[in-house]
Amino acid sequence: MVKFVQISDKLVIILLGPPGSGKGTQAELLAEKFDLCHVESSEIIEKHLANAKKGDYVIVKGKKYFLLEEKKLRESGRLTSFPLITFWMTSRIKELAKEGKGIVASGWPRSLYEIKEEMPIFERFYGKKNIKVILIELSDKEVIRRNTHRKTCELMRHPILYSKETAKLTRCPFDGSKLLIRKDDNPEAIKLRLREYRKNTLPLVDYFKKQGLKVKKINGEQSVADVFKNILKALK
Ligand SMILES: [Zn+2]
């Protein structure tokens with residue numbers, strides 16, 4: 001029996017960039033523009049880890065991952081174990097693909113391990129021509145400045161980028177809920193996240209090129225509107 005495989009004509013847009021490059025904000029804009037589902041790895045990880053109790057674990061490929069240990073890793077600025085996050089993300093991709101929804105990915109994939117498992121799923125459900133990769137670039141200095149000031153709203157997790165205009169905001173401009181500084185946004189944790197980004201995520205650029213995909217680079221040190229304009233241009 002031949003298995004029928006649906007290839008959706010929806011896009012998969014993968015936004016790469018260091019922490020604080022505005023991936024989340026751009027992803028929101030892209031989701032609206034192209035009718036895509038904005039999938040954030042941090043949201044999925046936090047959902048799974050929120051109520052973790054001592055001894056809770058998930059088995060991936062025969063290995064146990066203890067959720068409280070993963071939570072501690074995360075709070076110190078390290079990445080969640082690759083097999084575990086990959087398991088959660090591939091499950092989510094398959095769900096969305098079956099619902100016929102396109103995806104804009106911000107904050108993931110974070111490692112070669114992860115993309116090597118996700119790429120065949122993306123290709124199978126969406127087709128290679130619909131996979132778009134954008135790299136938002138930012139200097140280290142700007143990464144640290146932005147991250148130590150970054151806020152997220154309590155209700156919808158709207159990311160609020162640090163800028164002159166938002167420096168004094170205490171309430172979310174979209175829904176009025178309280179703005180919080182994330183617990184893991186201290187300078188030491190951010191430097192560690194930046195190192196992890198270089199070591200684990202930047203190698204994805206070469207991986208995508210080897211897969212025959214173009215990686216479009218965007219200067220992230222512009223206004224949100226200009227970054228968005230450049231991304232739209234790059235997607236054409
Ligand atoms: Zn909000």
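The values are calculated or read from the model by the stated rules, or taken from the named source; none is laboratory data. Because the structure is a prediction, the values reported are computed rather than measured. Reconstructed Cβ throughout: ideal geometry from the backbone, glycine too, with neighbour counts over all protein chains shown.
Here are the numbers for the structure shown:
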item	result
Options Arg110, Arg78; residue that is charged (D, E, K, R), surrounded by fewer than 18 Cβ atoms within 10 Å (Cβ to Cβ), touching a helix residue (DSSP H, G or I) at 6+ places or on another chain (Cβ under 7 Å) and at pLDDT below 95	Arg78
Failed item in (1) more than 17 Å from the chain's Cα centre (by Cα); (2) surrounded by 17 or more Cβ atoms within 10 Å (Cβ to Cβ), with Ile181 passing the rest	(2)
Pairs, first part of a loop (DSSP other than H, G, I, E, B) in the stretch 178-197, second of a type in the set (Asp, Glu), C-beta under 7 Å, six or more apart	Lys183/Glu75; Asp184/Glu75
Test: residue in the stretch 135-155 that is over 26 Å from Ala225 (Cβ atoms), in contact (Cβ under 8 Å) with a residue 60 or more places away in the chain and either in a loop (DSSP other than H, G, I, E, B) or basic (Lys, Arg) (or both)	no
Residue pairs meeting the criteria (Cβ under 9 Å; at least 6 apart or on separate chains; first within 17 Å of Gly100 (Cα to Cα) and at pLDDT below 95, in the stretch 9-31; second buried (at least 24 other Cβ atoms within 10 Å of the Cβ) and among the β-branched types (Val, Ile, Thr))	Lys10/Ile103
Of residues in the stretch 151-163 being surrounded by 14 or more Cβ atoms within 10 Å (Cβ to Cβ) and away from the ligand (no atom under 12 Å from the Cβ), the one nearest to Arg110 (Cα to Cα)	Leu161
Breaking point among (1) of a type outside the set (A, V, I, L, M); (2) touching a strand residue (DSSP E or B) at 6+ places or on another chain (Cβ under 7 Å); (3) over 16 Å from Arg92 (Cβ atoms); (4) more than 16 Å from the ligand (Cβ to nearest atom), for Ser139	(2)
Search result, residues across the stretch 185-227 that are aromatic (Phe, Trp, Tyr) and more than 12 Å from Val133 (Cα to Cα)	Tyr197
Filter pass, Thr166 being at pLDDT below 90 and within 16 Å of the ligand (Cβ to nearest atom)	yes
